[in-house]
Structures are given as structure tokens and as C-alpha cells.
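Quick notes on the structure that follows.
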Amino acid sequence: MTDVVHSFTTKIPVWTPYIQPVDLASATAEQMAAMQVTPSNKGVSAYVLTLAHDPESLAVRSPLFNKIMYGKDGLSSAERELGAVGASVVNRCIYCAAVHSSRFNSLAKRPEVIEEIFAHERQAKLNPRDQAIFDFSAQLSETPPALSDSAAKSLTDAGLSTLEAVDLVFSSAIFGWANRLMHTLGEPTER
């Protein structure tokens with residue numbers, strides 16, 4: 001039996017589903033088509049194989065996720081990843097926090113940002129733009145209706161354009177959903 005992982009790290013754990021994933025060798029044509037729109041070039045993950053039990057939803061989810069996280073306009077890719085990290089930290093999603101902090105580090109080349117977040121979580125002290133992105137994403141993930149005008153203003157004050165702010169809402173919000181899927185369908189296990 002493997003141990004469940006409980007701490008934040010950039011080392012990506014194994015995610016183990018609670019239900020048997022779809023067997024790729026015997027997947028239906030509809031399941032195969034739905035799995036073709038995932039962005040990974042590393043093969044089909046256990047997570048995607050688990051989501052493939054509902055190919056209609058997966059076929060809609062993946063293009064939306066791809067447009068939000070890999071869009072070319074607005075917020076930079078690294079900052080979208082930072083928004084995903086903020087949501088994942090608040091939602092205690094160890095797996096997503098590891099994946100997206102690793103991507104942030106790879107894109108931004110500033111591992112000290114993630115080190116600070118993992119060490120201090122919501123009390124992390126970052127440069128003004130990163131702080132605004134992280135705080136907004138975390139606040140949106142904690143209680144969306146409680147998000148105030150001052151939270152949105154903090155993004156403008158940090159230099160984010162309207163499009164960048166909307167991209168941050170999208171990347172943070174999709175992780176509110178993705179984190180809950182990860183928690184409900186499986187758990188991170190040994191690294």
C-alpha cells in the first residue's frame with residue numbers, strides 16, 4: 001500500500017484513482033476521440049483515463065482547459081500557472097500544486113516564488129505583481145462571493161490589464177473545479 005502525500009512540493013506525486021480507469025486498449029471510439037484533445041505529449045494519464053468514463057464531458061472539458069491555460073493572449077503562461085497554484089494551495093490539492101508549481105518554475109525561472117508560497121502559503125510575501133495574482137487567486141478560491149472590489153483593484157494596481165485579470169479569473173476558477181475533481185476521483189500517493 002502507498003502512503004498518501006500531504007505536503008506541498010514541486011515533485012509531482014503519483015495520482016491514484018479510486019475507480020478503475022478506462023483501459024486504453026479497450027476504449028470506445030468516443031472515449032479515444034475525447035482523449036485526443038488532452039495537451040500532454042507524455043501519454044494518457046490515469047486522470048484522463050478516469051475522466052474518459054464520461055467521454056462527452058471530457059471532450060468539452062479538455063478544449064476549455066487548454067484554451068484557459070495555454071491561450072496566447074492576455075496573462076502570461078507562468079502567471080496562469082501561478083493562479084493555478086494559488087487555487088490549489090487554498091484547496092489543498094497536493095497534486096495540482098505540484099504540477100503547476102513545477103510549470104511555473106520551468107516558465108518563470110524563479111523558484112523562490114514557489115518556495116515562499118509553499119513555506120508560508122496564504123502569508124507568502126511576493127513581489128507586487130505576483131502577490132496580487134496569488135492573493136486574488138487564493139481569495140477567489142476561498143469564497144468567490146466574498147471577493148471584493150478591492151481585490152480586483154489590486155490587480156489593476158499591480159499592472160494587470162482587463163484581459164490579464166479575466167485570464168486570471170479563468171485559470172483560478174477552473175482549478176477550483178479541477179482540484180475538486182482530483183480530490184473526488186483519487187488521491188496523490190507516493191512521490
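The values are calculated or read from the model by the stated rules, or taken from the named source; none is laboratory data. As the structure is a computational prediction, the values presented were derived from the model and not from experiment. Cβ atoms come from the backbone with ideal geometry, glycine included; neighbour counts cover every protein chain shown. These accessible areas exclude ligands, DNA and RNA; they are computed on the full protein's heavy atoms, side chains included. Shrake-Rupley method; radii C 1.70, N 1.55, O 1.52, S 1.80 Å.
Structure summary
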item	result
Residue check, Arg92 of a type in the set (D, E, K, R), surrounded by fewer than 16 Cβ atoms within 10 Å (Cβ to Cβ) and within 21 Å of His183 (Cβ to Cβ)	yes
Pairs with Cβ under 6 Å, 6+ apart, first in the stretch 153-168 and among the hydroxyl-bearing types (Ser, Thr, Tyr), second open to solvent by less than 60 Å² (accessible area, probe 1.4 Å)	Ser154/Ala132
Members of the stretch 100-121 that are under 19 Å from Ile68 (Cβ atoms) and crowded, with 23+ Cβ neighbours inside 10 Å	His100, Ser101, Phe104
Residue count, the stretch 88-121 (criterion: under 12 Å from Phe8 (Cβ atoms) and in a helix (DSSP H, G or I))	20
Residue selected from the stretch 60-82 under the condition of a type in the set (Lys, Arg) and modelled with pLDDT under 95, by the criterion surrounded by the most Cβ atoms within 10 Å (Cβ to Cβ)	Arg61
The listed residue being in contact with a Pro (Cβ under 8 Å, 6 or more places away or on another chain) and of a type in the set (Asp, Glu), out of Glu190, Glu164	Glu190
Unique residue being crowded, with 19+ Cβ neighbours inside 10 Å, in contact (Cβ under 8 Å) with a residue 12 or more places away in the chain, small (Gly, Ala, Ser) and farther than 18 Å from His183 by Cα when the list is Ala124, Ala132, Ala97	Ala132
Near pairs, Cβ below 7 angstrom, 6+ apart or cross-chain, from the stretch 3-16 (under 15 Å from His100 (Cβ atoms) and in a loop (DSSP other than H, G, I, E, B)) to any residue that is at pLDDT below 85 and open to solvent by 60 Å² or more (accessible area, probe 1.4 Å)	Lys11/Arg191; Pro13/Glu190; Pro13/Arg191
So Gln31, is it over 16 Å from Thr184 (Cα atoms), more than 17 Å from the chain's Cα centre (by Cα) and free of Cβ contacts under 8 Å to residues at least 24 places away in the same chain	no
Yes/no for Asp135 being closer than 23 Å to Leu64 by Cα, part of a helix (DSSP H, G or I) and acidic (Asp, Glu)	no
Complete set of residues in the stretch 140-177 that are open to solvent by 30 Å² or more (accessible area, probe 1.4 Å) and not in a helix (DSSP H, G or I)	Thr143, Leu147, Ser148, Gly159, Ser161
Meets criteria (open to solvent by less than 30 Å² (accessible area, probe 1.4 Å), more than 23 Å from Ser150 (Cα to Cα) and β-branched (Val, Ile, Thr)) for Val85	no
